[in-house]
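Worksheet: one structure, shown below.
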Amino acid sequence: MSKTIRFTLNGSPVTLDSEADRTLLWVLRTDLELTGAKYGCGAGLCGSCTVVVDGEAVRSCLRSVGDVEGREVTTIEGLARNGELHPLQEAFRELGGLQCGYCAPGMIMNAYALLLRDPSPGRDEIIQGMEKNLCRCSAYTRIVEAIETASAQLGGGHE
Amino acid sequence: MSDMRPMDRREFVKLLGGGIVVVVNLGPLTLFNSRDPLDFQRGYPEDINAYLHIAEDGKVTLFSGKIEMGQGVMTSLTQMAAEDLGVSLETIHIVMGDTDTCPWDMGTFGSLTTRMFGPAVRAAAARARLVLTDLAAERLGVARAALAVEDGVVYAKADRSRRVSYGELARGQEITHTVDEEAVLRAVEEFKVMGASPERLDGYEKVTGAAKFAGDIRLPGMLYARLLRPPAHGATLTRVDTSAAEALPGVTVVNQGGLVAALAADPETAAQALGLVEAEYDVPTPSVDTESIFDHLVAAAPAPNTTEAEGDLEAGRAQCAQKFEATYYNSYVAHAPIEPHTAVAEIKEGKLTVWSSTQAPFSQQRSIAREVGFDAEDVRVITPYVGGGFGGKVSGQQAVEAAQLAKITGTPVQVAWTRAEEFFYDSFRPAAVLKVASGFDADGKIKLWDFQVYGAGSRGSDVFYDIPNRSVRVYGEWGRAPQGLHPFAVGAWRAPAANSNRFAAEQQMDIMAAAAGIDPLEFRLRNTTDERMLAVLNKMAEVYGWEAATAPRSDGRGRGLACGIDAETYVALVADVTVDSATGRVQVDRIVCVQDMGLVVNPDGARMQMEGCIAMGLGYVLGEEVRFEGGKILDSNFGTYKLARFSWMPEIETAFVSNDALPPKGGGEPAIINMGAVVANAIFDATGARVYRLPMTADRVLAAIRST
């Protein structure tokens, strides 16, 4: 049964007619043509589909679109403001926190939520917070450095 | 395809819209070209390895049949072109892996891009600079020798106001130049762009979500396909009923020639429809599984290929003070790129275009043409960013499937494998058995090396130690293994066979060092006279701070060392580990990796590859293993198939032995080949226990500790 679903996507209101049980990842990627969030495993095991919902990192492959009704969804496409990269994006790029780049949107969004929760995480907190995101090119150590750099640059206060 | 029509050079330049084109025909590259003469019958001048186009607005385009899958060659190739052309990095746009516009290429694998393709790019750029300088000499009335180039501008050295830009020179031109490998390259000390580490050219798109991978291509009317898959390799479909799927609104069902698929405007509906397809299969009784595969590999092995034979093994045995025999095992592992195989196919006006996540667009062009019934010249393969390959995206079944479905349905089709399909159709790194007999004399000099490889292959089995009596025999090299040796497809996995061979060879070295009571570094130094190997070992000792000691120290913490040669690069590593003797759990604390890779084009890019090799390597060393029963694959997702993750990461230090006199050597694979042995040797130092089978899971390490 199709219903009208409203939520905020990257700062703008969205209204969709959709089955409520459709998966957020595919609604984003097909109906809304935001292809930044990636399919990697379909089971919440790799993190490449991670988006942020009301400040929490969410595996969009496990979340239904009905579930984000009335909420605020941020995807990788919404992170840069007015053409300015977010410090996390800048640090991932500068420090080589990516190789093939397929996991990068999920990594960055997961890190974004991590810094919202804890603006100045220690190395152990970063590793723990990122543990469930996989990078097969294995840029892990540079990703940790990128998050530390962005955290320092944000000065512990981060929006 | 015999109907490929070679294009005339003139026609070709016109197509690019004027300006200056420099094409390169690099002789030695043909060594690596396909043996299939059909590959050379191409849609444009057929003897080209690379070309550059300088447009009338001064923009430079570099066309390369290589692809970018994370290894950073988009950046390093552009750097090389910029260097020799004398322009900034930003001036150059690179087009990669498009069969319509790029020169034919065998594929992106084997750490060959920088080594083999790099010289072609540099030659093209160097020649383009000469052509432009000559045009400038004419235009400015200044002799060539009195001119210099900076940032795309040719000027008189004596009077910098007399200048003309590349764009101005290209205007109104329609010039094609062909060069061979003798074109003059810039000397190392003149480098401005090469040898530096600019930000990745693909970085911005990849951090903003703008980077397009095959699955991100959207075409009007495109349908998402899900295909019916067998439960096991070797299974045959005996009955299929698609009626329930067909009844679902918005669903197209295809059932043709063994291809059963459900298609819809969104992938979930397609998946739901596929779930309604009823299918029955005859599944053969499994004859081999995860545990019995090793005996099978030895029993079913074909006659060996002797790749090395020196001296006399019997005489060697007689010369040894101590002799050792050991058997090592390696498991099947998956490539597991986070992007599964994906393709989008569209047919328009008789021409088939396929956007594919592939390491080999040109061989896909041919296989798609053959399988789908098109002339190769009517098939265009475009390679967007590839989300990891590691050897697994050389095969292109998904692209053929998308093309077949596009032909059948008459609409654009996307085929994106699920993770389970990815694990099922992957060409795994082959399981292997390695039997090694070796021994040394009273002076700690190795006199015997008898090395037998089953199932893997020869790469990494070459003996660089000075051993007078040696034999290397390879049974069933991976690309040529007889049918039935492996229960499913196997293929190239980041440095194919080398990971298995070094795991055995470098542990065997340590076994001998420990028995001789000699420090493992000293034992290696004593047994090789290869200058490059000595240099990387010594540099490694310096960077790590190696102090001589005899293993094992058996206090739960250990260090290990291993070295090898891959893609003409020399590599040595040390690992520090902590082993929990109660659980067998291994934590790698620190890795030092030193490489001599000849001239380093992009040091930071090279370090990234070394770090990636080390980190990815920990996966196959400690966790990765594809379990199976016959043709049935038991691991279908990351819940049970254990990739390396954040908490596994050691502190990683990388260093180079400077060797600028040597042209660039491979960088994408060498650092991974020793990961098994370096960790195994450290585990031995920490516990006194030898682990002979990869992956060295906690259970296996614990069992080894308990049996020691």
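The values are calculated or read from the model by the stated rules, or taken from the named source; none is laboratory data. What you see is a predicted model; the values in this text were computed from it and never measured. With ideal geometry, Cβ positions are generated from the backbone for all residues, glycine too; neighbour counts draw on all protein chains shown.
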Original post:
Given the structure, is residue B:99 crowded, with 24+ Cβ neighbours inside 10 Å and either among the basic types (Lys, Arg) or within 14 Å of another protein chain (Cβ to nearest Cβ) (or both)?
Top reply: no
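Given the residues A:155, A:66, A:44, which is the only one that is away from chain B (no Cβ under 13 Å) and in a loop (DSSP other than H, G, I, E, B)?
Checking each option against the conditions leaves just A:155.
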**OP:** Of all residues in segment A:13-30, count the ones that are more than 8 Å from chain B (Cβ to nearest Cβ) and part of a loop (DSSP other than H, G, I, E, B).
**Re:** 2
**OP:** Please determine, by comparing only the residues of segment B:206-219 that are out of contact with any strand residue (DSSP E or B) (no Cβ under 6 Å at 6 or more places or on another chain) and touching a residue at least 12 places away in the same chain (Cβ under 8 Å), which one is nearest to residue A:35 (Cα to Cα).
**Re:** B:216
Original post:
Restricting attention to segment B:512-571, which residues are surrounded by 18 or more Cβ atoms within 10 Å (Cβ to Cβ), at pLDDT below 95 and farther than 21 Å from residue B:462 by Cα?
Top reply: B:551
Original post:
Does residue B:286 fit the bill of being over 30 Å from residue B:618 (Cβ atoms) and in contact with a Phe, Trp or Tyr (Cβ under 7 Å, 6 or more places away or on another chain)?
Top reply: no
Original post:
Of all residues in segment B:406-460, which are touching a Leu at 6+ places or on another chain (Cβ under 7 Å), part of a loop (DSSP other than H, G, I, E, B) and more than 14 Å from chain A (Cβ to nearest Cβ)?
Top reply: B:411, B:431, B:455
Original post:
Here are B:282, B:289: which of them is farther than 30 Å from residue B:74 by Cβ and more than 33 Å from the chain's Cα centre (by Cα)?
Top reply: B:282
Original post:
Given the structure, is residue B:665 out of contact with any His (no Cβ under 9 Å at 6 or more places or on another chain), away from every other protein chain (no Cβ under 11 Å) and in contact (Cβ under 8 Å) with a residue 40 or more places away in the chain?
Top reply: yes
**OP:** From the list A:111, A:146, pick out the single residue that is over 21 Å from residue A:40 (Cα atoms), crowded, with 23+ Cβ neighbours inside 10 Å and either more than 9 Å from chain B (Cβ to nearest Cβ) or out of contact with any helix residue (DSSP H, G or I) (no Cβ under 9 Å at 6 or more places or on another chain) (or both).
**Re:** A:146
Subject >> Subset of segment B:544-597 [touching a Cys at 6+ places or on another chain (Cβ under 9 Å), under 25 Å from residue B:702 (Cα atoms) and not β-branched (Val, Ile, Thr)] >> reply: B:573
Original post:
Failed condition for residue B:661, given (1) small (Gly, Ala, Ser); (2) surrounded by fewer than 24 Cβ atoms within 10 Å (Cβ to Cβ); (3) at pLDDT 95 or above, with all others met?
Top reply: (3)
Subject >> Residue selected from segment B:374-392 under the condition touching a Lys or Arg at 6+ places or on another chain (Cβ under 8 Å) and closer than 17 Å to residue B:213 by Cα, by the criterion modelled with the lowest pLDDT >> reply: B:390
Subject >> Boolean, residue B:589 is surrounded by fewer than 24 Cβ atoms within 10 Å (Cβ to Cβ) and either within 14 Å of chain A (Cβ to nearest Cβ) or touching a His at 6+ places or on another chain (Cβ under 8 Å) (or both) >> reply: yes
Original post:
Residues in segment A:128-142: is at least one outside any helix (DSSP H, G or I), within 25 Å of residue A:24 (Cβ to Cβ), facing chain B (nearest Cβ under 7 Å) and acidic (Asp, Glu)?
Top reply: yes
Subject >> Out of A:62, A:115, sole residue that is in contact with a His (Cβ under 7 Å, 6 or more places away or on another chain), at pLDDT 95 or above and over 25 Å from residue B:653 (Cβ atoms) >> reply: A:115
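Residue-by-condition table, conditions (1) under 12 Å from the mean Cα position of the chain (by Cα); (2) crowded, with 22+ Cβ neighbours inside 10 Å; (3) of a type outside the set (S, T, N, Q):
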| residue | (1), (2), (3) |
| --- | --- |
| A:44 | no, no, yes |
| A:55 | yes, no, yes |
| A:60 | yes, yes, no |
| A:71 | no, no, yes |
| A:92 | no, yes, yes |
| A:96 | no, yes, yes |
Original post:
Across segment B:625-648, what is the number of residues that are within 11 Å of chain A (Cβ to nearest Cβ) and touching a residue at least 60 places away in the same chain (Cβ under 8 Å)?
Top reply: 6
Original post:
Going by the conditions given, is residue B:226 of a type in the set (Lys, Arg), closer than 30 Å to residue B:97 by Cα and modelled with pLDDT of 95 or more?
Top reply: yes
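Scanning for something among the basic types (Lys, Arg) and either surrounded by 24 or more Cβ atoms within 10 Å (Cβ to Cβ) or touching a Ser or Thr at 6+ places or on another chain (Cβ under 8 Å) (or both), does segment B:411-429 turn up at least one residue?
Yes: segment B:411-429 contains one or more residues that are among the basic types (Lys, Arg) and either surrounded by 24 or more Cβ atoms within 10 Å (Cβ to Cβ) or touching a Ser or Thr at 6+ places or on another chain (Cβ under 8 Å) (or both).
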Original post:
Mind checking which pairs have a first residue in segment B:220-247 that is closer than 23 Å to residue B:486 by Cβ and a second that is in a strand (DSSP E or B) and hydroxyl-bearing (Ser, Thr, Tyr), Cβ under 7 Å, 6 or more apart or different chains?
Top reply: B:230/B:281; B:231/B:281; B:235/B:281; B:236/B:281; B:237/B:281
Subject >> Close pairs (6 angstrom Cβ cut-off, 6 or more residues apart or separate chains): on the phi > 0 side of the Ramachandran plot and of a type outside the set (Ser, Thr, Tyr) in segment B:297-319, assigned to a loop (DSSP other than H, G, I, E, B) and surrounded by 15 or more Cβ atoms within 10 Å (Cβ to Cβ) anywhere >> reply: B:311/B:468
Original post:
Among (1) in contact with a helix residue (DSSP H, G or I) (Cβ under 8 Å, 6 or more places away or on another chain); (2) more than 11 Å from every other protein chain (Cβ to nearest Cβ); (3) surrounded by fewer than 21 Cβ atoms within 10 Å (Cβ to Cβ), which single condition is residue A:122 missing?
Top reply: (1)
**OP:** Exactly one condition in (1) within 13 Å of another protein chain (Cβ to nearest Cβ); (2) surrounded by 20 or more Cβ atoms within 10 Å (Cβ to Cβ); (3) modelled with pLDDT under 95 is not met by residue B:198; state its number.
**Re:** (2)
Original post:
Tell me, which residue of segment B:337-359 that is in a loop (DSSP other than H, G, I, E, B) and closer than 14 Å to residue B:395 by Cα is nearest to the other protein chains (Cβ to nearest Cβ)?
Top reply: B:337
**OP:** Kindly list, by first and then second residue, each pair from a residue in segment B:592-614 that is at negative phi and more than 8 Å from chain A (Cβ to nearest Cβ) to a residue that is of a type in the set (Phe, Trp, Tyr) and part of a helix (DSSP H, G or I), limited to pairs with Cβ atoms under 7 Å and residues at least 6 apart or on different chains.
**Re:** B:592/B:544
**OP:** Considering only segment A:78-87, state which residues are within 8 Å of chain B (Cβ to nearest Cβ) and either closer than 16 Å to residue B:198 by Cβ or buried (at least 20 other Cβ atoms within 10 Å of the Cβ) (or both).
**Re:** A:79
